[in-house]
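Below: the structure, in structure tokens.
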Amino acid sequence: MWALAGVVIVCAATAVLIVTFQSSIFNSTSPAHKPLRTEQEIAGLKKEQLQLAEELIKEFPGSEDSLVVMGNVWNRYGDAAAALKFWQKAVAMNPNRADVYEIMGWLAIKKGQFEDAIVQYQKALAIQPRLPGAHSNLAHALMILGRLDEAMEALEKEIQISPNSSFAYFLLGQAYLQQKEYEKAKENYEAAIKIDPGYENAYYGLATVCAQLGDSDMAKAYSEKFKKLRAEERKDLRGRKLQYDDFVETQKSAALTYIEAGRMYRDDGKLQKAEELLKRAAGLDPENIISFQELASLYQKQGQLSKTLEMHKKISEIVPDNPICHTNIGIFSLQLKQYDGAEQAFRKVIALAPKRPEGYRELARLYLEMGTKLQQARQLAEKAVELEQVAANYFVLSLACYKNGDTANASSAIKRAVDLEPGNPEYLHLYELIQVRN
Amino acid sequence: MRPSVLLLCAFAALCLCHFVALPLCGSIVLTDVTKKTGITFIHTDGSSGQHYIVESVASGLALFDYDGDGDVDIYFLNGAPLKGTKSGKAPKNELYRNEGNWKFTNVTDQAGVGDTGFALGVAAGDYDNDGDQDIYVNNYGPNVLYRNNGDGTFTDVTAQAGVANGNKVGAAVLFFDMDSDGDLDLFVANYLDFTYENHLMRTSKGIPKYAGPMDFPPMSNNLFRNNGDGTFTDVSIESGVGKHKGWGMGGVCADYDNDGDTDVYVANDAYANFLFQNDGTGKFEEVGLITGLAYDLHGDEQGSMGVDCGDYNNDGLLDFYQTSYAQELATLYKNLGNGIFEDVTMATGAGAGMFPYVTWGCGLVDFDNDGDRDIFVVCGHLEDNVELYDTTGETFNRNILLMNTGNGKFVDVSDKSGDGMKPKHRGRGTGFDDLDNDGDVDVVILNSRDAPTILRNDTPHENHWLQVQLRGVKTNRDGVGARVKVTASDLVQIDEVHSGRGYQSHYGTRLHFGLGKRNRVDRIEVRWVGGAIDVYQNIAVDQLVVLTEGTSKTTRR
């Protein structure tokens with residue numbers, strides 16, 4: 001499980017970095033005006049991580065996870081050969097590590113060794129045929145080698161696994177474009193844009209296809225759209241480049257090592273050590289939400305709800321527009337009987353994601369638990385059901401109806417909940433209660 | 001028993017060669033003859049550890065016959081000490097006269113072309129139509145125009161010509177006749193707005209490295225109209241060229257749309273490439289995006305470096321080949337003939353082996369005279385220490401040779417093409433011409449902070465060839481911009497005379513056509529700038545022909 005986490009961490013951290021960079025482009029000085037960090041400081045950080053990875057190898061001698069962590073450290077410091085050595089040891093110890101084959105595939109692509117990349121991705125997919133993204137990456141390597149038919153086959157599989165992968169649709173468009181099947185190329189670019197309306201490369205593809213089809217007006221229109229999006233993207237890119245600080249980036253990269261190590265100790269039940277490492281990660285990269293998520297999870301596991309809530313609040317400071325973190329704040333505030341805080345959090349969730357049911361449902365649940373604003377709770381629950389017909393929403397609606405004395409509607413709502421999720425004991429309990437009352 | 005097995009194997013190999021891999025049977029052989037040439041040039045980039053960005057992009061070279069003796073000479077550009085560099089003797093550009101038999105003599109001082117500026121780009125062109133090629137050097141700092149005096153010496157006429165172009169960071173230089181008035185105009189590409197004051201150095205994992213182009217403001221390029229009296233006028237603004245800012249590097253002029261005037265392609269570093277479409281009067285519209293040349297297949301801008309032009313598939317249309325940064329493929333743009341280009345890199349294999357490398361000088365050159373153009377690419381990292389923070393990169397690289405299989409595909413033959421493909425350097429500019437006049441094209445490579453590499457083409461002479469040199473009369477003297485169409489039986493090839501191409505370099509004033517086994521050229525058609533056409537028929541192969549405008553006769557050298 002934690003094997004996969006490595007790759008996920010990298011992706012998530014990258015996403016966080018991008019968000020962070022984008023939000024602070026214009027309020028920082030250029031590195032030209034900052035003193036350069038010394039090579040020694042960064043070397044010190046590298047040494048610290050290598051020592052940690054060594055410690056993991058000693059502490060967990062039978063686990064390939066520590067070898068993966070060591071490989072990741074070397075990779076982060078640009079030593080591909082050393083990274084590969086440890087990753088290969090890891091798969092020798094446990095040949096079922098699809099994630100490690102996947103990262104070796106990525107490294108092979110970086111080195112321009114496309115045949116090897118294909119082999120690595122195929123190994124990953126043999127272990128985990130539905131590994132998200134792997135078919136796309138495999139297809140990319142195949143396309144570079146001109147093996148279009150195989151690439152298209154891989155992309156069709158990716159789309160089955162990840163129907164919302166705009167990248168897969170885009171690559172499929174590229175493959176059809178090269179095969180001069182322009183209508184099919186167009187369909188796939190359009191599908192990519194439907195998923196990701198800001199997908200500038202897909203607009204470029206559409207412009208190319210339209211030009212090939214002789215539709216110069218549409219080609220021009222798509223070119224203009226592409227130009228506009230690209231100009232915005234370049235503005236952001238320039239801002240990120242100006243913002244770039246090598247030492248800060250090295251710290252962020254080091255944080256990932258501490259997160260990986262913290263997870264290993266947590267899984268081994270050594271929670272105090274895990275907490276120490278995750279705190280170090282948070283200190284190295286105070287803007288990476290993963291450290292705080294892991295700490296929250298750790299505290300929750302130990303029943304330390306106040307600390308759990310504190311972590312979720314820290315996450316909300318980093319990503320204030322993320323409704324999920326406010327949902328968590330509401331839930332843990334509620335558990336701590338901090339009703340005002342919970343109400344405020346759920347209202348924030350509704351404001352941030354008015355088309356999602358979670359905020360309405362949880363606020364309804366809060367009112368029901370408090371025994372206040374019962375009519376409003378019912379309206380909120382109805383809204384949640386209107387937005388998404390899932391068992392959890394029907395359950396809260398049933399409860400709201402029940403508390404408002406409407407047992408008939410409570411009964412029909414709980415029946416839907418039980419139908420949708422027959423094994424849920426909480427739903428069954430309410431169902432039986434309402435039946436008795438009826 | 002044993003001999004018959006061997007025979008069987010040999011036969012099998014022969015069969016395979018004949019029936020399966022026929023296009024590859026004639027292998028290309030490039031031999032490193034640098035040491036025997038007597039060339040002592042060592043490139044310097046003026047570095048002092050400060051990692052000024054200009055160091056990383058130097059320099060180009062020029063291959064041209066400066067003294068008109070019929071063999072091609074070499075002019076190497078050099079860097080200059082940058083701030084903080086301790087230097088005794090100032091490095092300078094060096095001109096080497098080809099003495100024949102692979103011997104070269106340094107004639108820099110006697111020729112008077114040893115400019116000590118920080119040189120980046122160069123082109124040779126007869127701007128005064130007096131029958132010899134002049135030199136324009138694009139520097140970091142004021143540029144230099146050397147007028148060829150016709151007696152083996154040059155005169156610096158920059159000031160009187162009015163082409164110093166300020167104090168910019170230069171890139172490509174392109175001579176071409178933008179308005180068909182019979183003299184060569186001058187396109188001067190600029191890289192970026194670097195000064196010592198806005199210099200910054202980056203680090204990666206704590207290791208110092210060069211800043212990227214986007215760390216500096218972009219610049220527009222300059223266009224100078226030849227007034228016909230030895231002076232030029234800066235027409236950057238009125239021509240339309242000056243309103244587009246980019247990070248210009250290599251460039252090449254070509255009539256991509258076959259409308260009889262010369263257009264300009266500028267490769268931009270980490271930015272959309274420019275294609276300036278000429279309306280025939282010297283007014284330009286930038287059409288990179290709509291023609292498909294601005295970006296690669298995916299719609300991504302590349303760290304474009306050098307660009308060459310040629311008809312790789314002999315369909316009568318000029319294609320472009322462009323080099324790029326590491327983790328990108330050098331790109332082959334196929335001209336579809338309707339004003340649109342298609343990135344066919346992946347489909348043709350034209351980027352094979354290049355993904356990990358930074359690629360610079362390039363050429364679409366027929367090395368084996370089989371009638372189709374192969375691809376030569378010079379590699380070498382921009383950084384001088386990349387292994388310290390990324391071992392997937394290499395500072396020193398060998399170069400790459402892709403053989404055209406004749407069916408629209410390329411195969412990487414770098415491993416099988418002689419010892420000349422083995423050395424690893426940080427290559428930059430390159431040029432291709434027949435240095436020993438033996439009927440095949442040789443290679444000269446400028447290596448950053450190092451001696452150059454001179455490769456003699458030792459490919460077995462199994463095929464015929466023809467070289468064409470143009471003599472303009474009403475149009476510019478060297479026929480720059482003229483299009484030549486050579487028909488030999490079923491093989492029809494086109495080419496144009498370029499002045500400035502590849503990575504900030506100059507080469508190939510005389511055109512070279514491989515003919516395969518065809519032992520007669522049926523027809524040569526020359527379309528001079530402005531549209532006049534001369535046709536020459538029934539020409540013998542394996543020779544250089546000099547075609548003079550308006551004569552429709554061949555003159556043998």
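Bear in mind these aren't lab numbers, they're just calculated from the coordinates by the rules spelled out. Since this is a predicted model, take the numbers as computed values, not measurements. Ideal geometry is used to build each Cβ from the backbone, glycine not excepted, and the neighbour counts take in all protein chains shown.
Some points to look at:
- Within segment B:526-554, being under 25 Å from B:F175 (Cβ atoms) and in a loop (DSSP other than H, G, I, E, B) holds for B:W528, B:V529, B:G530, B:G531, B:A532, B:E549, B:G550, B:T551.
- Segment B:511-528 - residue that is within 22 Å of B:P460 (Cα to Cα) and either touching a residue at least 60 places away in the same chain (Cβ under 8 Å) or charged (D, E, K, R) (or both) and, of those, surrounded by the most Cβ atoms within 10 Å (Cβ to Cβ): B:G514
- The set of residues in segment A:39-85 that are more than 14 Å from chain B (Cβ to nearest Cβ) and of a type in the set (V, I, T) comprises A:I57, A:V68, A:V69.
- Sole exception among (1) in contact with a strand residue (DSSP E or B) (Cβ under 8 Å, 6 or more places away or on another chain); (2) touching a residue at least 40 places away in the same chain (Cβ under 8 Å) for B:T487, by number: (2)
- Looking only at segment A:90-105, residues that are surrounded by fewer than 17 Cβ atoms within 10 Å (Cβ to Cβ), touching a residue at least 12 places away in the same chain (Cβ under 8 Å) and either assigned to a helix (DSSP H, G or I) or within 14 Å of chain B (Cβ to nearest Cβ) (or both) come to 1 in all.
- For first residues located in segment B:291-303 and touching a residue at least 24 places away in the same chain (Cβ under 8 Å) and within 7 Å of another protein chain (Cβ to nearest Cβ), partners that are aromatic (F, W, Y) and part of a strand (DSSP E or B) and lie 6+ apart or on another chain with Cβ distances below 6 Å form the pairs B:G292/B:F341.
- Residues of segment B:57-113 satisfying the condition of being among the polar types (S, T, N, Q) and outside any loop (DSSP other than H, G, I, E, B): B:N98, B:T105, B:N106, B:T108, B:Q110
- Residues of segment B:217-230 classified as closer than 20 Å to B:T475 by Cβ and part of a loop (DSSP other than H, G, I, E, B), total: 4
- For segment A:60-89, filtered to residues that are in contact (Cβ under 8 Å) with a residue 60 or more places away in the chain and in a helix (DSSP H, G or I), the residue that is surrounded by the most Cβ atoms within 10 Å (Cβ to Cβ) is A:V68.
- Qualifying residue in segment B:343-351 (condition: part of a strand (DSSP E or B) and within 11 Å of chain A (Cβ to nearest Cβ)): yes
- Qualifying residue in segment A:123-144 (condition: in contact with a helix residue (DSSP H, G or I) (Cβ under 8 Å, 6 or more places away or on another chain) and closer than 20 Å to A:M264 by Cα): no
- Cross-chain or 6+ apart pairs with Cβ under 7 Å, segment B:273-289 first and at negative phi, then among the basic types (K, R): B:L289/A:K227
- Taken across segment B:221-229, residues that are within 13 Å of chain A (Cβ to nearest Cβ), in contact (Cβ under 8 Å) with a residue 24 or more places away in the chain and not acidic (D, E) do not occur at all.
- With a requirement of 2 or more residues that are β-branched (V, I, T), the helices (runs of 4 or more DSSP H) lying completely within segment A:243-324 that satisfy it span A:246-267, A:289-301, A:305-318.
- Restricting segment A:207-228 to residues that are at the interface with chain B (Cβ under 10 Å from one of its Cβ atoms) and touching a residue at least 24 places away in the same chain (Cβ under 8 Å), the residue that is farthest from B:N335 (Cα to Cα): A:F226
- Top-ranked residue in segment A:184-206 [being among the acidic types (D, E) and either surrounded by 24 or more Cβ atoms within 10 Å (Cβ to Cβ) or free of Cβ contacts under 8 Å to residues at least 24 places away in the same chain (or both); ranked as farthest from the other protein chains (Cβ to nearest Cβ)]: A:E187
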